[in-house]
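The values are calculated or read from the model by the stated rules, or taken from the named source; none is laboratory data. Since the structure is predicted, the reported quantities are computational estimates derived from the model, not experimental observations. Positions of Cβ are backbone-derived with ideal geometry, glycine not excepted, and every protein chain shown enters the neighbour counts.
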Amino acid sequence: MFGKTLIVLGVLLVVTGVILLYAPWLVSWFGRLPGDIRIERDGGSVFIPITSMVIVSLVVSLILNIFFRQ
């Protein structure tokens, strides 16, 4: 079971890497959604991607439920 999980995670990482490398326009929305907080000042900046992380969490939960449903 642990080996199967590692294989699935490895495949997901490879697919994500290929998408980021060859199709960056597919993920250009990340961090620019309503609800993502970006504060920029002279001394530095703070970025809190609340909405983007909620969407990522939902997608990961959906994928894991599909793979590990019994």
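Taking the criterion of being part of a loop (DSSP other than H, G, I, E, B), of a type outside the set (Ser, Thr, Tyr), under 13 Å from the mean Cα position of the chain (by Cα) and modelled with pLDDT of 85 or more, would at least one residue in the range 29-39 satisfy it? No; the residues of the range 29-39 include none that is part of a loop (DSSP other than H, G, I, E, B), of a type outside the set (Ser, Thr, Tyr), under 13 Å from the mean Cα position of the chain (by Cα) and modelled with pLDDT of 85 or more. Across the range 23-61, the qualifying residues are those that are among the hydrophobic types (A, V, I, L, M, F, W, C) and touching a strand residue (DSSP E or B) at 6+ places or on another chain (Cβ under 9 Å), and the one among them that is farthest from residue 9 (Cα to Cα) is 39. Taking residue 13, is it over 30 Å from residue 2 (Cα atoms) and in a helix (DSSP H, G or I)? In short, no.
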